[in-house]
1. Is it true that Gln118 is modelled with pLDDT under 90 and open to solvent by less than 90 Å² (accessible area, probe 1.4 Å)?
2. Would you check which residues across the stretch 161-170 are of a type outside the set (A, V, I, L, M), surrounded by 12 or more Cβ atoms within 10 Å (Cβ to Cβ) and modelled with pLDDT under 85 and list them?
3. Name every residue in the stretch 27-75 that is among the charged types (D, E, K, R) and closer than 20 Å to Lys168 by Cβ, in order of residue number.
4. Could you check, for the stretch 138-148, whether at least one of its residues is under 18 Å from the mean Cα position of the chain (by Cα) and either farther than 26 Å from Thr112 by Cα or of a type in the set (Ser, Thr, Tyr) (or both)?
5. Check Ala139 against each of (1) modelled with pLDDT under 90; (2) more than 19 Å from Val165 (Cα to Cα); (3) of a type in the set (A, V, I, L, M, F, W, C); (4) open to solvent by 40 Å² or more (accessible area, probe 1.4 Å) and name the one condition it does not meet.
6. Is there any pair linking a residue in the stretch 76-100 that is free of Cβ contacts under 8 Å to residues at least 24 places away in the same chain to one that is buried (at least 24 other Cβ atoms within 10 Å of the Cβ), with Cβ under 9 Å and at least six apart or on different chains, and which?
Amino acid sequence: MTSPASLSPTQAAARIGEFTVIDVRAPGEYASGHVPGALNIPLDRLDEALPALKAASARGSLLVVCASGVRSTRACDVLSAADIDAVTLSGGTSAWEGEGHGLDRPAGARATWPMERQVRFAAGSLVVTGLLAGRRFPAARWLSAGVGAGLVFSAVTNTCGMAAVLSKLPHNRAPRSAADFDATLDALQS
């Protein structure tokens, strides 16, 4: 499988009007700041959105964005398998903002850690908890072993079950004022 085409933030900014921008992060991450004009289709709901994305791609190019480029690359692979052309933003919103391009932040949105940081925090906390609890209850060390095995599996498969679970937490959900998923699909199809 080939890697999807990618654009640097400077290249994407110069052509931003040519794209329908799709942000595949969790709604809470999206609400904390996104590329101007981006629509939120969380990666775990991408399959549901394929018909709408196919319709949008028939009208113009898709630019897929996440925090660092990992999830958007995976999303581009899914889109490619569905015969939908898309490019990814190299380095994601982190690189976009780092190069001085602005992010849209809805009024009242709270800052949410990027998912990768949340995963590192949760995994590290569980490992330390397992090791500390293992001093009194030796079987608790299996918690640390399980997290370690999960991280290895995550690296080998380029998926992350912990991120999928964390994305369901209340702080990773969009504020009530944000457009809902169905409205986003309608916008893509019109």
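The values are calculated or read from the model by the stated rules, or taken from the named source; none is laboratory data. In this text, all values refer to a predicted model and were calculated from it rather than measured experimentally. Every residue, glycine as well, gets a Cβ built from its backbone with ideal geometry; the counts of neighbours run over all protein chains shown. For the accessible areas, the whole protein counts, side chains as well, though only heavy atoms, and no ligand, DNA or RNA atoms are used. Shrake-Rupley method; radii C 1.70, N 1.55, O 1.52, S 1.80 Å.
1. Yes: the conditions hold for Gln118.
2. Ser167, the sole residue that qualifies.
3. Once the filter is applied, which keeps residues that are among the charged types (D, E, K, R) and closer than 20 Å to Lys168 by Cβ, the stretch 27-75 yields Glu29, Asp44, Arg45, Asp47, Glu48, Arg71, Arg74.
4. Within the stretch 138-148, the first condition is being under 18 Å from the mean Cα position of the chain (by Cα), and the residues that meet it are none.
No, that holds for no residue.
5. Going through the list (1) modelled with pLDDT under 90; (2) more than 19 Å from Val165 (Cα to Cα); (3) of a type in the set (A, V, I, L, M, F, W, C); (4) open to solvent by 40 Å² or more (accessible area, probe 1.4 Å), Ala139 breaks only (1).
6. The qualifying pairs do not exist here.
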